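Here the structure comes first, spelled out in structure tokens, and everything after it is commentary.
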Amino acid sequence: MRNDPAVVEAKNLSMRYRGRYRLFKGRGEETRALQMVSFSARRGDTLAVVGESGSGKTTLLRCVLGLITPTDGRVELWGKPVSEMTAAERTAARRRCGYVPQDPYGSLPPTMTVMEAVTEPWNISRPGELREGARRARELLSELKLPEELWNARVRYFLSGGQRQRASIARALILDPEILLCDEPTAMQDVSTRGELLDVLKKRVDAGMSMIVVTHDLLLARRAARRGIVLYRGEIVDEGDSSVLLEHPSHEYTRALAAALPRL
Ligand code: ADP
Ligand code: MG
């Protein structure tokens, strides 16, 4: 398996944002969100992207998905540069990727019911198989322990942040993605649902799915991923086996992240 081509490969990614984003920034001021970031993942690989808020983690995922175009460097999906894909190729590649955005409030269509939101990606790509989509959605929602009485409830009014996040994961998994990109997937879960959720993801990884998990939490990085990269102000300052990053961090920034964790 080591000789498989990478499922996702990023080479020297840099991203600079221009202009006003936060109010306190001056006009025309530039943010270097990513600087010369490289990484890759093969089939069945898990990679954690670790760093504090503002370190560039979400930007990295959005570059991988082609939602934003990096200022420099490139992303290849299944060996093909995203920048060289036609619109149709990009859509096809995008369908093989599942994305769990950071904000579960913005990521689910608010006026839909949970079932509608979870089945939507399936129904768009396989309109002839609606019953199978509904069956899969029910299976995923039970696996993710979302209470059945919520399945037909409207997302906007009845779901907590953690429940929305689990619905958002079901939506990302319904097309059996080959890569799953998760942005802080357990940030709103309590301790018990967190473990169950990671088990659901692990089962997919064991079956060959690749996964990139963004988190500020080295403990979660170790539980969810075999390897990790540590971002600080858009640069990779440390990388390696995720248990080594947690237990024997070599870079001072990783040590600070590890020291900030609650004692076990
Ligand atoms: P993280 O997900 O690690 O918190 P982000 O990737 O969201 O980090 O942001 C990295 C940096 O880029 C931050 O300084 C943020 O303020 C800035 N940034 C993110 N998105 C934009 C944008 N659309 N326009 C301008 N600056 C942005
Ligand atoms: Mg983020």
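Nothing in this text is a laboratory measurement; each read-out follows from the coordinates by a stated rule. Not measured: the values here are computed from a predicted model. Here the Cβ positions follow ideal geometry from the backbone for every residue, glycine too, while neighbour counts run over all protein chains shown.
Applying the Karplus relation 6.51 cos²θ - 1.76 cosθ + 1.60 with θ = phi - 60° to segment 115-126 yields 3J(HN,Hα) values of 4, 5, 5, 6, 7, 3, x, 5, 5, 6, 8, 9 Hz, where x marks Gly and Pro. Amide H to amide H distances under 5 Å link Glu235 with Gln35, where only residues 5 or more positions off or on other chains count and H is placed in the peptide plane. Each of the chymotrypsin sites (Phe, Trp or Tyr not before Pro) that DSSP puts in a loop and that has at most 11 other Cβ atoms within 10 Å breaks the chain; the longest unbroken stretch is 25-264. Taking the number of Cβ atoms within 10 Å of each Cβ as an exposure proxy, the fewest-first ranking of Thr31, Thr186 is Thr31, Thr186. Annotation for segment 92-134: GluC sites (Glu not before Pro) lying in DSSP loop with at most 14 further Cβ atoms inside 10 Å of their Cβ are Glu129.
Between the beta carbons of Arg154 and Asp190, assuming R0 = 30 Å, the FRET efficiency works out to 0.80 to the nearest 0.05.
Number of Lys-Lys pairs in the chain with C-alpha atoms under 28 Å apart and a separation of 8 or more places or on different chains: 12. Solvent-free Debye calculation, one equal scatterer per alpha-carbon of segment 105-176: log10 I(q)/I(0) at 0.13, 0.16 Å⁻¹ equals -0.30, -0.45. Return the distance in nm (one decimal) between the two label points of a simple spin-label model at Leu219 and Thr111, each offset 7 Å from Cα along Cα→Cβ. Computed distance between label sites Leu219 and Thr111 equals 4.2 nm.
Where only DSSP H runs of four or more residues are counted, the chain gives -11000 deg cm²/dmol as its mean residue ellipticity at 222 nm, each run worth -39500 (n - 2.57). Taking other C-beta atoms within 10 angstrom as a stand-in for reagent exposure, Glu148, Glu29 fall in the order Glu148, Glu29, fewest first. Exposure proxy shown here: for Thr71, Thr46, the number of other Cβ atoms within 10 Å sets the order, fewest to most, as Thr71, Thr46.
For segment 203-210, backbone phi angles converted through the Karplus equation (6.51, -1.76, 1.60; θ = phi - 60°) give residue-by-residue couplings of 4, 5, 5, 4, 8, x, 5, 9 Hz, Gly and Pro being listed as x.
The alpha carbons of the chain give a radius of gyration and a Dmax of 18.5, 54 Å, in that order. Within the chain, the longest segment free of exposed loop sites, counting trypsin sites (Lys or Arg not before Pro) that fall outside DSSP classes H, G, I, E and B and have at most 10 other Cβ atoms within 10 Å, spans 28-262. Close amide-amide hydrogen proximity is noted between Ser14 and Met36, Val37, Thr71, Asp72, Gly73, each under 5 Å apart and 5 or more residues distant or on a separate chain (H modeled in the peptide plane; Pro and chain starts excluded).
Considering segment 127-211, its Cα convex hull presents a mean projected area of 5.9 nm².
What is the gain in length, in nm to one decimal, between Arg16 and His251 on full extension, counting 0.36 nm per residue of separation less the C-alpha to C-alpha distance?
82.1 nm
Let me know the shape class of segment 154-264, please: from the alpha-carbon gyration tensor, a ≥ b ≥ c as square roots of the eigenvalues, rounded when a/c is under 1.5, otherwise prolate if a/b is greater than b/c, or oblate. Taking the square roots of the gyration eigenvalues as a ≥ b ≥ c, segment 154-264 is prolate. One decimal place: the segment Lys202-Trp78 gains 42.5 nm when fully extended, by the rule 0.36 nm per residue minus the C-alpha distance.
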